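What follows is one structure encoded as structure tokens, with my remarks underneath.
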């Protein structure tokens, strides 16, 4: 049984970006954000019921 498509055999793996060697700089990953969520996010979460999460 094949678990990998043929086209994926030649795909190169992820190469991480340059890492600065400076303690005064914090590098965020692409999925990180330096800003807090919008207040609307908290409102939307507070309005959810457990059944909404099913």
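Read the figures in this text as sums done on the coordinates, not as results from a lab. Note that the coordinates shown come from a computational prediction; the quantities given were computed from them, not determined experimentally. Here the Cβ positions follow ideal geometry from the backbone for every residue, glycine too, while neighbour counts run over all protein chains shown.
Over the chain, DSSP H runs of length four or greater, each weighted -39,500 (n - 2.57), average out per residue to a 222 nm ellipticity of -4000 deg cm²/dmol.
Approximating the spin labels as points 7 Å out from Cα along Cα→Cβ, the residue 47-to-residue 30 distance works out to 3.2 nm.
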